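One structure is given below, encoded as structure tokens.
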Amino acid sequence: MLNKLLCVLALAFGFHSAFAQPINAATTPDPWGYAARQPAPDEVIRGGIDRLSRFLATPEAVSNDRIRAFIEREIAPHFDFSAMGKWVAGPYYRRLNPQQQQRLYATLREMFLTALARNLGTYARPLPRIDVYPTSQGRWAEEAVVRARVSTPGGYPPVRLDFRMYQTPAGWKVFDVTANASSAVAYYRNYFNQMLQRHGPQALLR
């Protein structure tokens, strides 16, 4: 239960197109010029976790309808499901027509938000302690990594989360998260690749 919640918690901030290109840090230290007016990556993560933790501590967190409303209001806007769809479909993406692409985005969105709502609805108290550490540089100029440590009062070993983020005109977005070195986002790529391999692009329209 804890690991499933960590996966959906870690994914609660957004995704990045798999086809984005690195930018040279030596020539473009702030490629879009947004640093002066955007929260830092660790502030984005800390703020999202704080909002989620406060919600889980309220009586509203026992209502399925209110959980879903919270997710739609506070979590879903941080996602780019079209970019994620390109990433999870991989080479199959170019074989999808516009209708199939839209269906992929919608299916992916519904799968994730439904799983998140289900896990939040069954989450046991007390809440874990989540420590968020300062931002570190990623593998290219516009990438940042934010590390967090999740400790539970029930004796479970601490879990390390690494949030990989990139900078956009709308702010910093998460494009992958690992929990103890296991990628949560990779699950969706595996799921859709298996479906497309077995049934082809038409499976998205069923």
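The values are calculated or read from the model by the stated rules, or taken from the named source; none is laboratory data. For clarity, every value in this text was computed on a predicted model and none was experimentally measured. Every residue, glycine as well, gets a Cβ built from its backbone with ideal geometry; the counts of neighbours run over all protein chains shown.
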| If only one of LEU104, LEU161, LEU116 is closer than 17 Å to ASP50 by Cα, assigned to a helix (DSSP H, G or I) and either in contact with a strand residue (DSSP E or B) (Cβ under 7 Å, 6 or more places away or on another chain) or not hydroxyl-bearing (Ser, Thr, Tyr) (or both), which one is it? | LEU116
| request: Pull up region 119-158, narrow it to residues that are of a type in the set (D, E, K, R) and within 17 Å of ARG54 (Cα to Cα), then point me to the one that is modelled with the highest pLDDT. | output: ASP131
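Condition check: surrounded by fewer than 17 Cβ atoms within 10 Å (Cβ to Cβ), among the hydroxyl-bearing types (Ser, Thr, Tyr) and part of a loop (DSSP other than H, G, I, E, B). Does TYR156 satisfy that? Before the answer, list the steps.
Details: surrounded by fewer than 17 Cβ atoms within 10 Å (Cβ to Cβ): yes; among the hydroxyl-bearing types (Ser, Thr, Tyr): yes; part of a loop (DSSP other than H, G, I, E, B): yes.
Considered against the rule, which asks whether it is surrounded by fewer than 17 Cβ atoms within 10 Å (Cβ to Cβ), among the hydroxyl-bearing types (Ser, Thr, Tyr) and part of a loop (DSSP other than H, G, I, E, B), TYR156 comes out as yes.
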| Qualifying residues in region 75-87 (those that are within 14 Å of PHE192 (Cβ to Cβ) and in contact with a Leu (Cβ under 7 Å, 6 or more places away or on another chain)) - the one surrounded by the most Cβ atoms within 10 Å (Cβ to Cβ) | GLY85
| request: Could you identify the single residue in ALA89, ALA83, ALA144, ALA148 that is within 26 Å of GLY171 (Cβ to Cβ), in contact (Cβ under 8 Å) with a residue 60 or more places away in the chain and touching an Asp or Glu at 6+ places or on another chain (Cβ under 7 Å)? | output: ALA148
| said: Considering only residues that are more than 16 Å from GLU43 (Cα to Cα) and surrounded by fewer than 17 Cβ atoms within 10 Å (Cβ to Cβ), which ones fall in region 139-151? | reply: ARG139, TRP140, SER151
